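Please treat every number below as a calculation from the coordinates, not as lab data. Here the structure is a predicted model, which means the values were calculated and not measured. FYI the Cβ positions are ideal-geometry reconstructions off the backbone, even for glycines, and counts take in every protein chain you see.
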Amino acid sequence: MYLTFGVTLVDITTKIAGIRLKNPTMLASGIMDEDAGSMQRIIECDAGAIVTKSIGLNAREGYPNPTVIELNHGILNAMGLPNPGIEQYCQEIRQLKNSKTPVIGSIYGANTREFIELGKRMEDHGVSALELNLSCPHAKSYGLEVGCDPKLVQEITSSVKEKVGIPIFVKLSPNVTNIIEIAIAAEEGNADAIVAINTVKGMKIDLELGKPILSNKIGGYSGKAIKPIGIRCVYEIAKNVDIPIVGVGGVTTGEDALEYIMAGASAVQIGSGVYYRGIDIFKKVCVEIEQLMKAYGYKKLTEIIGVAHT
Amino acid sequence: MYLTFGVTLVDITTKIAGIRLKNPTMLASGIMDEDAGSMQRIIECDAGAIVTKSIGLNAREGYPNPTVIELNHGILNAMGLPNPGIEQYCQEIRQLKNSKTPVIGSIYGANTREFIELGKRMEDHGVSALELNLSCPHAKSYGLEVGCDPKLVQEITSSVKEKVGIPIFVKLSPNVTNIIEIAIAAEEGNADAIVAINTVKGMKIDLELGKPILSNKIGGYSGKAIKPIGIRCVYEIAKNVDIPIVGVGGVTTGEDALEYIMAGASAVQIGSGVYYRGIDIFKKVCVEIEQLMKAYGYKKLTEIIGVAHT
Amino acid sequence: MNIPKITKIIESKREATDIKTITFHYPEEIESGQFFMVWMPDVDEIPMSVSYINGDIKGITFRKIGDATSALYKLKPGNKIGIRGPYGNGFKIQGKHILFVGGGTGVAMLAPAAEEAVKNSISSTVVIGVKNKSELFFEKRLKKCGAKVIISTDDGSVGYKGFASDAAKEILKKEKIDAVLTCGPEMMMKTLLDCCKNISFQASLERYMKCSIGICGQCCIGKGLRVCIDGPVFDGKTLKNVKDFGVYRRDSAGRKIQF
Amino acid sequence: MNIPKITKIIESKREATDIKTITFHYPEEIESGQFFMVWMPDVDEIPMSVSYINGDIKGITFRKIGDATSALYKLKPGNKIGIRGPYGNGFKIQGKHILFVGGGTGVAMLAPAAEEAVKNSISSTVVIGVKNKSELFFEKRLKKCGAKVIISTDDGSVGYKGFASDAAKEILKKEKIDAVLTCGPEMMMKTLLDCCKNISFQASLERYMKCSIGICGQCCIGKGLRVCIDGPVFDGKTLKNVKDFGVYRRDSAGRKIQF
Ligand SMILES: Cc1cc2nc3c(=O)[nH]c(=O)nc-3n(C[C@H](O)[C@H](O)[C@H](O)COP(=O)(O)OP(=O)(O)OC[C@H]3O[C@@H](n4cnc5c(N)ncnc54)[C@H](O)[C@@H]3O)c2cc1C
Ligand SMILES: Cc1cc2nc3c(=O)[nH]c(=O)nc-3n(C[C@H](O)[C@H](O)[C@H](O)COP(=O)(O)OP(=O)(O)OC[C@H]3O[C@@H](n4cnc5c(N)ncnc54)[C@H](O)[C@@H]3O)c2cc1C
Ligand SMILES: Cc1cc2nc3c(=O)[nH]c(=O)nc-3n(C[C@H](O)[C@H](O)[C@H](O)COP(=O)(O)O)c2cc1C
Ligand SMILES: Cc1cc2nc3c(=O)[nH]c(=O)nc-3n(C[C@H](O)[C@H](O)[C@H](O)COP(=O)(O)O)c2cc1C
Ligand code: FES
Ligand code: FES
């Protein structure tokens, strides 16, 4: 099928773990996805898929403000995984049940049991796939503490995989010595796809007060500045695993998306880009991808996946 | 003593491991330090101290070009540790013997024995301190492969320490799961100071050719974009060790320097900043530090070290 | 960069019981209806509408209701806070005769709008609705600027006895009003919206805010309308399609809370 | 960003034995004396002076001596290479009568400078020094532009027999020359510098280059003069204080190599 955002007739559809996306731009977890209405709006902005906020068993208020600041070259956040808990959030997901755009449920937990419970609830309410957030850099005893241990990653992944029927994406952190080892652990745990990267641990200090600005002091760095790090991670992972990869980190243009795809990603997620280019960034990026494909003589997006390895 | 780059009378002298610096701006390793002439020029540009290129036992040509590219928010390099070997390089160091500005010898090796040998040679030829490069992200079997193992870091540090009489700085990589653990290992190995950070692993792919641009494919990301990562690392390290810290990564202005000092650094190193602001960046940053100190009511630079922890 | 700018309190002035105005140097241009994020280090950062626009000096007016506002309440001239913004869209001030309806601290952000309207030779009537006399503020300020001011109190301790929306309804019946601009309890604004069939309507909403730059989704209403960027001021046409308007808001965790 | 821009070879033309010119589309402005970094993917990226400036089309002229230049030599029209730059400072073209002295491929980068001089009505004499006739190139081009061309060959197979520097010395004795601009083997340039006591002198140097943006220190001469940024063209006054000029260069590892 040929999509036509722009004028050119190129095929920008893609597939991850059997899920077909009309285009490779997905909404990243934690951005405009606290309620059904917001996700609906992003769907109408033509995102190829939506990832929900990371949801836990119980409600969490997150950290006090300031939680998000914009730096010169990226965005720094320490939300602290605020979410209403799976019970309430399932109501939001149910409202999207008839959406043609795939909705992927992001979940975080402190242990295997929690991930399984959350995964089953998400599946029951109709998500197309799960994204295991094993990578949040700033919530104590969640995320990164789980996601930097290959054994735990494999165990959680395979345990959830056994209990649910939908595909499982594992989202990885760049804040590890060897991301390849973690990606391989996820693959060995039968993950259906890898999502990379989550934010990079960073900090900003106010000079006049001599204090870190974020209430959590340390935050996660996202946006334009981290793209070279994300590209490197996706490239390293693609060299070492066979499952599909979703590239995240600093995608704001069609060029950025294409770079991730060349590094080995089958699709990209966009988070901070919503700040840089507005909520219609998904459509903009698709148009730019089509223009670039035409300029470089590509007909199908899928033929570009991983070309940088050849 | 009161230095007067600008108009204000504030004291920007500092000290690391007993080495007194007339100001807190040091030349970072690998920048304009392949020969005595270049280092002499940087000394005349008023750097507070000079760190040499990382030197190994034998000459190394490094990787073919492209080895350095500038990205939108930082610089990506994969030099591959080119250097003429300690034998030839000692001639360069000897020429700086009478310099009032401290010269710190950076060395890399594949094992403890090499580090000891290099350290002794550097000491013989008159450097003020050693910087152990345990962190180069892109030279195989050197640097990062050594620097991400706390046991090796402690062993190398303490072994070199036993054999040389000059202070030992250990330079760390941000490409690890837990930089605190590595810093503690260096401290337990009796390091006199920690230098953080080396470059962040990154990649840039050319879209038209679908190829990584650097000949080594993966490179080290430096410059403006990485400052929040460096600040976070210095802050984390300062919370956990008692030895002085030298902050590196994205320092281009007095504000950047001050932010590192507030995070816990006793001095800063400048690398990519030489590209952004020219070779006279050292003086510029000093003037800016003085102006900020006046604006915020500080008299002595040393009273600012680590204020973000209070 | 979008980080707080540290500024010093110039003046802290009590306006009524538990209500204060603080002013500070902040040269950025701001329109009435826009808001700041106000950082009290080690406490919180909260959204606050601008209530004074006086060249480089700006002000906010707030009620002490919790941690952050209590911290603000205690600040003295010379104390430092962090300000960023302005955020949001502000009011469109158009028409021949505008009715401003402020409930509680809602009047704080309407005041600069009413002043601007009068300056633009628009007839301006302001309803100030408060629970009782001790909570009343900005009466003098608004009269002085040339607006017609009507007070309503729940207990009748001064002015009209009843809700501000009832007072407003009576005015709407009597006078030819082009536009209603309101800020206050959402139920009150909802009631007003229902009365404004053919009258242009703008309401300023409050939702829990975290990023204030339109990415975290915390403040969204309806179909992903972000109060921090698409609002805080919405027109009647938009609000009629927002199911949650006057029905529920979400707390810091994203849980729905009925009004 | 400072990354190679991919461009297609428009023409590849043999100039002499092992010497070719290739031209490509590269709209950036460039001055004679400046250079590009030329990327042959999977091979190397090397510095190359501009030898043709023709609106949006630029050219380089090179001798096949190793991996990268051999790869360049093989390229056909339509093949892609990466170009970045221009880098460096370029010549200052001033005076009434300029003597250009090119040794070997050095003449390649002098040609656009000589053309510019003639265009600015400056009398221009060009010495082209090569080993023998088979290596001679740009004679016609330079004559056509209006420069006076003198050929010297080591073996006397054409023109003056001897070194280019000797040919130049004779001219300096006979004619009133304001400025000498030279590029070629460093010993030749050093000899020339020694003859130019009262004559303005500029020489374009070659050093191993890696970053080309002034940070890696690979190309430095004297007291930290960066050939990539402070050069490649240096004046006589500067070069007199550079101890390594004509004495040694450094290889890719930074080892000194005597000329
Ligand atoms: C756009 C906007 C403009 C506002 N302008 C004014 C004003 O001019 N004057 C005024 O008095 N108040 C104003 N508010 C409300 C003000 O932000 C809250 O009263 C304040 O945040 C309470 O903080 P607290 O810590 O004192 O109370 P808490 O005890 O922390 O909370 C009390 C209630 O305040 C609200 N609140 C707390 N934090 C936030 C937050 N980050 N974002 C939104 N609401 C929050 C919640 O509803 C909460 O239930 C405005 C709110 C918004 C969204
Ligand atoms: C500013 C500048 C302008 C130049 N302009 C021209 C020109 O117009 N025409 C021309 O024929 N040549 C020019 N050169 C020389 C040209 O760069 C080398 O001939 C070329 O790099 C050789 O590469 P190779 O792989 O073919 O040879 P190799 O076999 O790799 O090397 C042969 C020699 O070339 C030199 N070389 C190799 N790589 C580099 C490098 N990265 N930087 C500098 N020198 C290197 C070294 O001296 C080396 O010993 C210029 C050099 C510089 C510095
Ligand atoms: C405000 C904010 C909230 C986020 N929340 C989550 C989250 O809940 N779960 C998660 O896996 N990632 C979260 N992320 C990380 C993003 O999904 C994404 O991995 C990261 O921001 C890098 O992409 P970007 O550069 O496009 O923003 C969040 C990022 C931001 C900026
Ligand atoms: C071209 C280049 C070469 C470098 N070479 C070395 C080196 O030899 N040894 C080392 O420890 N660090 C080396 N580095 C890292 C720098 O010393 C520094 O840690 C890093 O660039 C971050 O600082 P910056 O942002 O100021 O550049 C190099 C960096 C660059 C850009
Ligand atoms: S507060 Fe984050 S989207 Fe409005
Ligand atoms: S080539 Fe790096 S400084 Fe000149």
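Between the stretch C:28-75 and the stretch D:206-253, what is the separation of their alpha carbon centroids in Å?
Each part reduced to its Cα centre gives a spacing of 58 Å.
Return the calculated 222 nm mean residue ellipticity for chain C, to the nearest 500 deg cm²/dmol, obtained by summing -39500 (n - 2.57) across DSSP H runs with n ≥ 4 and dividing by the residue count.
-6000 deg cm²/dmol
Copy-to-copy spacing for residue D:120, label 7 Å out on the Cα-to-C-beta vector, in nm, shortest first?
Those separations, rounded to one decimal, come out as 5.9 nm.
Taking a point 7 Å out from Cα toward Cβ as the label site, list the nm distances between residue B:151 and the same residue in every other copy, smallest first.
For residue B:151, the inter-copy label distances come out at 1.6 nm.
Give me the distance between the Cα centres of the stretch D:116-166 and the stretch C:111-177, rounded to whole Å.
Spelled out, the Cα-based centre of one part sits 92 Å from the other.
Taking the Cα of residue B:95, stepping 7 Å toward and past its beta carbon, and measuring to each backbone N in the stretch B:31-57: which are under 11 Å?
Flagged as within label range: B:34-41.
Which distances, shortest first and in nm, link residue B:87 to the matching position in the other copies, using label points set 7 Å out along Cα to C-beta?
Reported distances to equivalent positions: 7.6 nm.
For the stretch A:270-302 and the stretch B:169-248, what is the separation of their Cα centres, given in Å?
After rounding, the separation between the Cα centres reads 32 Å.
Can you tally the net charge around residue A:220? Count Lys and Arg as +1, Asp and Glu as -1, for every other residue whose Cβ sits under 11 Å from the Cβ of residue A:220.
Local net charge: +2.
When chain B is modelled as a GNM with alpha-carbon springs shorter than 10 Å, which of B:134, B:71, B:118 fluctuates the most?
For chain B, modelled as a Gaussian network with Cα springs under 10 Å, the answer is B:71.
As I understand it, the dipole of the protein assembly as shown uses +1 on the Cβ of Lys and Arg and -1 on the Cβ of Asp and Glu, about the Cα centre. Which of A:71, D:83, A:19 lies farthest toward its positive end?
With unit charges placed on the Cβ atoms, the residue in question is D:83.
Could you give the size of the charge dipole of chain C about its Cα centre, using +1 on the Cβ of each K and R and -1 on the Cβ of each D and E, expressed in debye and rounded to the nearest 20?
Dipole about the Cα centre, nearest 20: 220 debye.
Let me know the mean shielding of B:56-68 by other chains, meaning the per-residue number of their Cβ atoms within 10 Å of its Cβ.
6
So how strong a dipole does the protein assembly as shown carry about its Cα centre when Lys and Arg Cβ are +1 and Asp and Glu Cβ are -1, to the nearest 20 debye?
The dipole of the protein assembly as shown has a size of about 2240 debye.
Given chain C reduced to its alpha-carbon atoms as identical point scatterers, what log10 I(q)/I(0) does the Debye formula return at q = 0.12, 0.16 Å⁻¹?
-0.67, -1.26
Past the 19 Å Cα-Cα mark, which pairs from B:224/C:80; A:211/C:80; C:20/C:64; B:100/B:227; B:97/D:210; D:161/D:240?
Violating the 19 Å limit, Cα to Cα: B:224/C:80; B:100/B:227; B:97/D:210; D:161/D:240.
Evaluate the distance, in nm, between pseudo-label points positioned 7 Å from the Cα of residue B:299 and of residue D:190 along their respective Cα→Cβ axes.
Going from the residue B:299 label point to the residue D:190 one covers 5.7 nm.
Which shape class, rounded, prolate or oblate, goes with the stretch C:83-205 when its Cα gyration tensor gives a ≥ b ≥ c as root eigenvalues, a/c under 1.5 marks rounded, and past that a/b bigger than b/c marks prolate?
rounded
Count the net charge of all other residues whose Cβ sits under 10 Å from the Cβ of residue D:247, scoring Lys and Arg as +1 and Asp and Glu as -1.
Cβ neighbours under 10 Å give a net charge of +2.
Can you tell me how much longer the chain between residue B:162 and residue B:72 gets when fully stretched, taken as 0.36 nm per residue apart minus their C-alpha distance, in nm with one decimal?
Answer, rounded to one decimal: 28.0 nm.
Treating the beta-carbon of each Lys and Arg as +1 and of each Asp and Glu as -1, no other charges, what is the dipole magnitude of the stretch D:5-87 about its Cα centre, to the nearest 20 debye?
320
Can you classify the protein assembly as shown as rounded, prolate or oblate using the Cα gyration tensor, where a ≥ b ≥ c are the square roots of its eigenvalues, rounded means a/c under 1.5, and otherwise it's prolate if a/b beats b/c and oblate if not?
Prolate.
Rounded, prolate or oblate: which fits chain A when a ≥ b ≥ c are the square roots of the eigenvalues of the alpha-carbon gyration tensor, with rounded for a/c under 1.5 and prolate only if a/b beats b/c?
Since a/c stays below 1.5, the shape of chain A is classed as rounded.
What helices does chain D have that are whole DSSP H segments, at least 18 Å long along their own axis by Cα, and with mean Kyte-Doolittle hydropathy of 0.5 or more?
Membrane-span-like by this criterion, though nothing is claimed about a membrane: D:106-119.
What is the sum of charges, Lys and Arg at +1 and Asp and Glu at -1, for the other residues whose Cβ falls under 11 Å from the Cβ of residue A:40?
Cβ neighbours under 11 Å give a net charge of -2.
Extension gain residue D:157-residue D:144, at 0.36 nm per residue separation less the Cα-Cα distance, in nm?
Once the chain is fully extended between residue D:157 and residue D:144, it gains 2.4 nm.
Take the alpha carbon atoms of the stretch C:1-73, find their radius of gyration, then divide it by 2.2 N^0.38 Å using N residues; give the quotient.
1.04
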